[in-house]
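Since the structure comes first, as structure tokens, the remarks are kept for the end.
The values are calculated or read from the model by the stated rules, or taken from the named source; none is laboratory data. Computed from a predicted structure; not experimentally measured. In this analysis, Cβ positions are derived from the backbone assuming ideal geometry, glycine residues included, and neighbour counts consider all displayed protein chains.
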Amino acid sequence: MAQIDETYSSFGLSDDEPWVLTFLRVCTCVGWLANYMGMIYKSFRDRTYGMALMPLCCNIACEFVYGVIHAPDCPLYQIIFLCWFVLNCAVIVAAIKFAPREWRHAPLVQQNIGWIFALSIVFWTTAHLAIVAQVGATEGAAWSSWFCQLFLSAGCLCQLIVRGSSRGTSLWIWFARFFGTALSLPHEVLRYKHGYTNVVWHSPLGWWGGAAFFILDGAFGILLWKIQQSEKAVKGLQRGEVGLDGNDKDIKKSLSK
């Protein structure tokens, strides 16, 4: 296949694009839409938020910049970014509503959640705009997404470690996010094989970011599964569904206090 013009290569746009690339992109969109819907549902059910605050602000700023301010010409990408942005707004609303419950130990944060979100979103919006000014909108979208993913993977892992609880998240939510992003790997490999001249993530930094994503998000999934197993064991002790030895009886007694 003849090489595709660089103007469109970063977004992977062309009239004769292989169907598999479009399919992978749609699957990525569906994975993240499922992730957002799951987070909204779990936030209202558990009365908390699922994504760490700073990565959440960075993420919605990215979707605003590349879905509204610098919207791509391709209708498919416009729909993807706008769908993500609209659902992410609902995630933000849930986070603002329930975040004070998580910050009772820090009154300064608890009493200024709205301002923290507003200022953080403005800050990250200017950061993404600076990336656009530096490298252009097409490459900027790729690198901004790259950074957002690593930021939220690390942030969510740290939040899970600090909470030591599965509230606000689930293995389904994690898998939808992991699945949606992991498909970027075969997508970029196929773009490279089909002659796209500017595969942004085909670079040392891009491959490092891909490896970091699989390590961080993989660790999140494993840790979340372990935490859920522990939570099930504790519930079993509370309900008397697990055979108790001497140590278990002490645990159950302490839980009942």
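For the range 123-151, give me the residue count where each residue is β-branched (Val, Ile, Thr), modelled with pLDDT of 95 or more and in contact with a helix residue (DSSP H, G or I) (Cβ under 8 Å, 6 or more places away or on another chain). Looking only at that region, the number is 3.
Identify all residues within the range 45-78 that are in a helix (DSSP H, G or I) and either among the small types (Gly, Ala, Ser) or free of Cβ contacts under 8 Å to residues at least 12 places away in the same chain (or both); write none if there are none. Passing the criteria: Arg45, Ala61, Gly67, Pro75, Gln78.
So is Tyr49 under 26 Å from Gly209 (Cβ atoms), touching a Lys or Arg at 6+ places or on another chain (Cβ under 9 Å), of a type outside the set (D, E, K, R) and crowded, with 18+ Cβ neighbours inside 10 Å or not? Answer is yes for this residue. The set of residues in the range 105-121 being without any contact (Cβ under 8 Å) to a residue 24 or more places away in the chain and either aromatic (Phe, Trp, Tyr) or more than 14 Å from Tyr49 (Cβ to Cβ) (or both) consists of His105, Ala106, Pro107, Leu108, Gln111, Asn112, Trp115, Ala118, Leu119.
If you go through the range 18-37 and pick out every residue that is closer than 12 Å to Thr181 by Cα and outside any helix (DSSP H, G or I), you end up with 0.
Conditions tested, residue by residue: (1) surrounded by 18 or more Cβ atoms within 10 Å (Cβ to Cβ); (2) touching a strand residue (DSSP E or B) at 6+ places or on another chain (Cβ under 9 Å); (3) in a helix (DSSP H, G or I).
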{"residue": "Cys158", "(1), (2), (3)": "no, no, yes"}
{"residue": "Ile161", "(1), (2), (3)": "no, no, yes"}
{"residue": "Ser166", "(1), (2), (3)": "yes, no, no"}
{"residue": "Ile173", "(1), (2), (3)": "yes, no, yes"}
{"residue": "Thr181", "(1), (2), (3)": "yes, no, yes"}
{"residue": "Pro186", "(1), (2), (3)": "no, no, yes"}
{"residue": "Tyr192", "(1), (2), (3)": "no, no, yes"}
{"residue": "Val200", "(1), (2), (3)": "yes, no, no"}
{"residue": "Trp208", "(1), (2), (3)": "no, no, yes"}
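Residue count for the range 95-136 under the criterion of being in a helix (DSSP H, G or I), of a type in the set (Gly, Ala, Ser) and surrounded by fewer than 19 Cβ atoms within 10 Å (Cβ to Cβ): the result is 6.
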